[in-house]
Amino acid sequence: MKIEISDVDDITIMVIDGMLTLGSDQYFAEKLQHEIARDRKKIILDMTKVKYIDSLGIGQIAGGFTALEENNGRLCLARSNEKIKQLLRLTGLQNHIETYTTVEDAIQNF
């Protein structure tokens, strides 16, 4: 898995490339925690290059969402495929984590 990180003003965009599963979930968690430690309060996860995600990957996203929320921040997803949307529905996270069709839509809604 690779994660490209860029900042647009006060918004951090993390482009995840690969599988977000057991084994890669810790790498993702460390990168996300690093951004939170940098006091980044607005984070967009660009999911367009995520090839597969399992329950551990969803758990790491939920953990990041909670950590940001506790620090008055927000995390949202952009360009999620149908599998990711289905997992969000199954876990009830679609009521908490905002999803957008494009990164640009996500930026405008911060």
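Values computed for the structure shown
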item	result
Which listed residue, of Ile44, Ile11, Ile58, is among the hydrophobic types (A, V, I, L, M, F, W, C) and surrounded by fewer than 19 Cβ atoms within 10 Å (Cβ to Cβ)	Ile11
Count - residues of the range 61-84 that are at positive phi and surrounded by fewer than 20 Cβ atoms within 10 Å (Cβ to Cβ)	1
Helices (runs of 4 or more DSSP H) (entirely within the range 38-110) containing at least 3 residues that are modelled with pLDDT of 95 or more	103-108
Residue among Ser24, Ser6 that is surrounded by fewer than 13 Cβ atoms within 10 Å (Cβ to Cβ) and hydroxyl-bearing (Ser, Thr, Tyr)	Ser6
Selection status of Leu88, closer than 16 Å to Thr12 by Cβ and either in contact with a Pro (Cβ under 9 Å, 6 or more places away or on another chain) or buried (at least 17 other Cβ atoms within 10 Å of the Cβ) (or both)	no
Residue among Asn72, Asn95 that alone is closer than 20 Å to Ile36 by Cβ and of a type outside the set (Lys, Arg)	Asn72
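The values are calculated or read from the model by the stated rules, or taken from the named source; none is laboratory data. Everything quoted here is computed from the prediction, not taken from an experiment. As a convention, Cβ positions derive from the backbone with ideal geometry for all residues, glycine included, and neighbour counts pool all protein chains shown.
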